[in-house]
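Reviewing the structure listed below.
The values are calculated or read from the model by the stated rules, or taken from the named source; none is laboratory data. It should be emphasised that the depicted structure is a prediction, and the values quoted were computed from it without experimental measurement. Cβ coordinates were reconstructed from backbone atoms using ideal geometry, including for glycine residues, and neighbour counts include every protein chain displayed. What goes into the accessible areas is simple: the full protein's heavy atoms, side chains included, and nothing from ligands, DNA or RNA. Shrake-Rupley method; radii C 1.70, N 1.55, O 1.52, S 1.80 Å.
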Amino acid sequence: MREQLRSLQSHFTKKALATGGVRVSVSEEPGACPVCTGPMIVQKSVSRPVQTLEHGPFRLREIVHECAAGCRRPDGSLVMRRAAQSAERLLSGRSVGYDVMVFIGRRRFLDNRQREEIRAELKNDHGITLSTGEISGLAHLFLNYVRRLHEACAPRLRRALAQDGGWPMHADATCEDGRGTMLVILAGWRRWVLGSWKIPTENAEAILACARLTTQRFGEPCAVMRDLGRAMISACDDLVAGLSATIKVLGCHSHFLADVGRDLLKPGHDMLRDALRRLKMRGALRTFARDMGRELGGELETARDGFRDWQRQEPVSHDLPAGDTGIAVVRGLAQWVFDYAAAKKSRNFPFDRPYLDLYDRCVRARRVVDGWLRTPPEDRRVLRVLRRLGRVLDLVRQEPDLPRVARDLRMRANLFDELRTTLRLSAGSYGRSQPCSKRPMTLRQAREELRDVRAALKRFVASLRNRRPQRGPAQDLRKAIDVILDHLKRHGKSLWGHEVRLPAKAGGGVRLVERTNNLCEHFFHAIKHGERRRSGRKNLARDFELLPPESALVQNFNHPDYVAIVCGSLERLPLVFAKMDAAERCKRPRRPQAAQREAPVPQSGIETGSLPLSDRSLIRSEDMQSMIDAVIHSRPPRIMISGRSGAAATV
């Protein structure tokens, strides 16, 4: 019965959407000529197939009028007039409606759907048939309309930001494997994307040009939150220096902690990683676990049950059980060693030190093996397996410097964790640290937390100076403390000043800027997650290189306050786009703008040593190779040189 119901539903849906043969005529009173105020006459009638979400596919017959006196506009074109009803619904020069373009753009950049998914949904739900190439073209055309709408509504958005008492600027850039660098500037309190650009690399000149354009459109920010990159620091300092008001430039606490951790832990962690890779510890442990699983064979599941029961027993003694259960226990110990990464949440260095965890588990597992060997198991099979695991774990003893490296790294890790606790930053789900408190706090509680963190950091610095040895063998401790103190000296001033006093016209009072730049980090994570969902690829280098920067502006449609300002509601977005085109046609007749695939950096002459896509296609062409080969194989010119004797020599 359900199958019949589905079949009937599909049948009648197709019947309801089958408007392909319907002919619709549109003819309106043309009114007077806007040039001579004379009458308009029929020039021609145009019949073409069109498709809209509102009406489905149908055939449109449209009457086009022209001035009876043959008036022309200043650009030389005839004064013509289309029917207003068709102009409000159909894209100029295309056979689809504005609502189809908006539908495709929202599915592509908000829902991250693939072209075939969009094509199937249009066909099944609306009876509209489009090719995948046309879907791509309409998606990029949608981005062009979004950019134009965002720029046209900049004055209204600026007034809304001014009513809040200003806006803190969050600036950051991201890329994938060094390709497709995208710079985004967000309004911190509203979480709007105010600007997005593709820049050659993360360099100060390009960032400064984009930041200045943003301040021209949306006003001066009340604060700037940035990371600790050299280019970003230089660009933000130059931006603030050119503004009229005194604006605090803040450094992200999360990036500060990550920079300290990398300088503090990376040398020792790299040495430990190289040593364990050279010893092939993980491969040896996995080989051991695989061989034990093969030895147990069909009894593996029974041995697992015995292992589980043995774990639940009260530990009367530490002796291994006999038989397959004992082998499963030893196998489980080896698996526990190379499962070190599962215990971590962020899995992101320096907040996690995976190779230090692997080394510690190897040492602890070797002590467990020694404990079991004090009273050797009576089962010779279990004893053989246990001794084999001991020999595998003995590999870490082949490197005599490993204990010292691990000890120094552990000492530095303890200092780093102490700094992390002082700043009250926990590991976030995206690998960045974020404030530990996940409960929404009142303004008073947030201000008290800032004061407590600052006071705790002062006490931590005083403690470091007291613990710093002036001389003696504790050289590594002295260097580790100097690394932390040096970072605090260079970036300490930018870590504080999050309280922003609002002007009287905005109600006065105080508002806080976030301590971290995780707003941008979470934004980029969401974009990359959506691109992976759409493409199915883990490496997004090619996708991010081709991703238009306007796709970041589309994310503003997730904010109801932004939607209310620019278009009222998302259902009115096609009508708003149509009015934009109508307003431009009133100014001067023009062809519809082509989809702008990449918004240029708003300053000419910014060049870097990177290899952008346009240059890459140029230098990798066959013509380039042919030119090089032609120059190499060409014969040098014959030059006549006269000697002292007057005889000419040919070279």
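When the residues of the stretch 476-490 are narrowed to those that are of a type outside the set (Lys, Arg) and under 15 Å from His253 (Cβ atoms), which ends up most open to solvent (accessible area, probe 1.4 Å)?
Leu488
Does the stretch 238-255 include one or more residues that are under 25 Å from the mean Cα position of the chain (by Cα), in a helix (DSSP H, G or I) and more than 22 Å from Met182 (Cβ to Cβ)?
yes
If a residue must be in contact with a Gly (Cβ under 7 Å, 6 or more places away or on another chain) and within 14 Å of Arg490 (Cβ to Cβ), how many such residues does the stretch 228-260 contain?
The number of residues fulfilling the criteria is 1.
Output the number of the condition that Cys175 fails; it satisfies all remaining conditions of (1) modelled with pLDDT under 95; (2) more than 23 Å from His525 (Cα to Cα).
For Cys175, the exception is condition (2).
Test of understanding: among Glu54, Glu29, which residue is at pLDDT below 80 and either assigned to a loop (DSSP other than H, G, I, E, B) or among the hydrophobic types (A, V, I, L, M, F, W, C) (or both)?
When all the criteria are applied, what remains is Glu29.
Please work out which residue is surrounded by the fewest Cβ atoms within 10 Å (Cβ to Cβ), limiting yourself to the stretch 371-389 and to residues that are under 17 Å from Phe288 (Cβ atoms) and out of contact with any Leu (no Cβ under 9 Å at 6 or more places or on another chain).
Only one residue tops the list, namely Arg384.
Show me the helices (runs of 4 or more DSSP H) found entirely inside the stretch 543-626 where at least 2 residues are modelled with pLDDT of 70 or more.
In the stretch 543-626, 551-554, 560-566, 573-587 are the helices (runs of 4 or more DSSP H) which contain 2 or more residues that are modelled with pLDDT of 70 or more.
Against the conditions (1) open to solvent by 30 Å² or more (accessible area, probe 1.4 Å); (2) in contact with a Leu (Cβ under 7 Å, 6 or more places away or on another chain); (3) of a type outside the set (Asp, Glu), where does Ala235 fall short? Just the number, please.
(1)
Select, from Lys505, Lys493, the only residue that is surrounded by fewer than 17 Cβ atoms within 10 Å (Cβ to Cβ), within 24 Å of Trp167 (Cβ to Cβ) and over 31 Å from the mean Cα position of the chain (by Cα).
Result: Lys505 is the single residue among Lys505, Lys493 that is surrounded by fewer than 17 Cβ atoms within 10 Å (Cβ to Cβ), within 24 Å of Trp167 (Cβ to Cβ) and over 31 Å from the mean Cα position of the chain (by Cα).
Would you check which residues across the stretch 155-178 are farther than 18 Å from Ile247 by Cβ and surrounded by fewer than 18 Cβ atoms within 10 Å (Cβ to Cβ) and list them?
Result: Pro155, Arg156, Arg159, Gln163, Asp177, Gly178.
Regarding the stretch 92-110, can at least one residue be identified that is within 24 Å of the chain's Cα centre (by Cα), touching a residue at least 40 places away in the same chain (Cβ under 8 Å) and surrounded by fewer than 17 Cβ atoms within 10 Å (Cβ to Cβ)?
yes
Conditions first: (1) open to solvent by 60 Å² or more (accessible area, probe 1.4 Å); (2) assigned to a helix (DSSP H, G or I). Glu314 passes all but one, so which condition is the exception?
In the conditions (1) open to solvent by 60 Å² or more (accessible area, probe 1.4 Å); (2) assigned to a helix (DSSP H, G or I), Glu314 misses (2) alone.
It is to be established whether one or more residues within the stretch 64-78 are in a helix (DSSP H, G or I) and open to solvent by less than 10 Å² (accessible area, probe 1.4 Å).
No, that holds for no residue.
Can you tell me how many residues in the stretch 122-132 are within 30 Å of the chain's Cα centre (by Cα) and open to solvent by 50 Å² or more (accessible area, probe 1.4 Å)?
Number of matching residues: 1.
Quick check on the stretch 526-568: of everything there that is of a type in the set (S, T, N, Q) and open to solvent by 10 Å² or more (accessible area, probe 1.4 Å), which residue is farthest from His150 (Cα to Cα)?
Looking at the filtered set, the residue picked out is Asn539.
Go through Ala322, Ala334, Ala342 for me and flag whichever is of a type in the set (A, V, I, L, M, F, W, C), open to solvent by 40 Å² or more (accessible area, probe 1.4 Å) and under 13 Å from Val385 (Cα atoms).
Result: Ala322 is the single residue among Ala322, Ala334, Ala342 that is of a type in the set (A, V, I, L, M, F, W, C), open to solvent by 40 Å² or more (accessible area, probe 1.4 Å) and under 13 Å from Val385 (Cα atoms).
Can you report the number of residues in the stretch 198-220 which are part of a helix (DSSP H, G or I) and touching a residue at least 24 places away in the same chain (Cβ under 8 Å)?
14
Could you please give the count of residues in the stretch 424-475 that are farther than 27 Å from Val510 by Cα, of a type outside the set (Ser, Thr, Tyr) and either at pLDDT below 90 or open to solvent by less than 90 Å² (accessible area, probe 1.4 Å) (or both)?
Total meeting the criteria: 16.
Could you list, in sequence order, the residues of the stretch 508-542 that are in a helix (DSSP H, G or I), over 18 Å from Gly178 (Cβ atoms) and over 12 Å from the mean Cα position of the chain (by Cα)?
If the condition is that a residue be in a helix (DSSP H, G or I), over 18 Å from Gly178 (Cβ atoms) and over 12 Å from the mean Cα position of the chain (by Cα), then Arg533, Arg534, Ser535 are the ones that fit.
The rows are residues; the columns are (1) touching a Leu at 6+ places or on another chain (Cβ under 9 Å); (2) open to solvent by less than 10 Å² (accessible area, probe 1.4 Å); (3) not small (Gly, Ala, Ser).
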| site | (1), (2), (3) |
| --- | --- |
| Glu117 | no, no, yes |
| Gly180 | yes, no, no |
| Leu183 | no, yes, yes |
| Thr201 | no, no, yes |
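Any residue that is of a type in the set (Gly, Ala, Ser), farther than 30 Å from Gly323 by Cβ, touching a residue at least 24 places away in the same chain (Cβ under 8 Å) and part of a helix (DSSP H, G or I) - is there at least one of those in the stretch 403-412?
Within the stretch 403-412, one or more residues are of a type in the set (Gly, Ala, Ser), farther than 30 Å from Gly323 by Cβ, touching a residue at least 24 places away in the same chain (Cβ under 8 Å) and part of a helix (DSSP H, G or I).
Confirm whether Leu243 is touching a Ser or Thr at 6+ places or on another chain (Cβ under 9 Å), modelled with pLDDT under 95 and farther than 30 Å from Leu409 by Cα.
For Leu243, the condition - touching a Ser or Thr at 6+ places or on another chain (Cβ under 9 Å), modelled with pLDDT under 95 and farther than 30 Å from Leu409 by Cα - is met.
Report, ordered by the first and then the second residue, all pairs with beta carbons closer than 9 Å, sequence separation of six or more or different chains, a first member in the stretch 44-68 that is at positive phi, and a second member that is of a type in the set (Val, Ile, Thr) and not in a strand (DSSP E or B).
As it stands, the answer is Gly56/Thr19; Gly56/Val22; Gly56/Ile128, since those pairs meet every condition given.
If a residue has to be of a type outside the set (Gly, Ala, Ser), at pLDDT 80 or above and not in a strand (DSSP E or B) to count, how many in the stretch 32-51 make the cut?
Adding up the residues that qualify gives 2.
Let's see how each residue does on (1) hydrophobic (A, V, I, L, M, F, W, C); (2) open to solvent by 10 Å² or more (accessible area, probe 1.4 Å):
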residue	(1), (2)
Leu228	yes, yes
Ala241	yes, yes
Ser244	no, yes
Val249	yes, yes
Leu264	yes, no
Pro267	no, yes
Asp291	no, yes
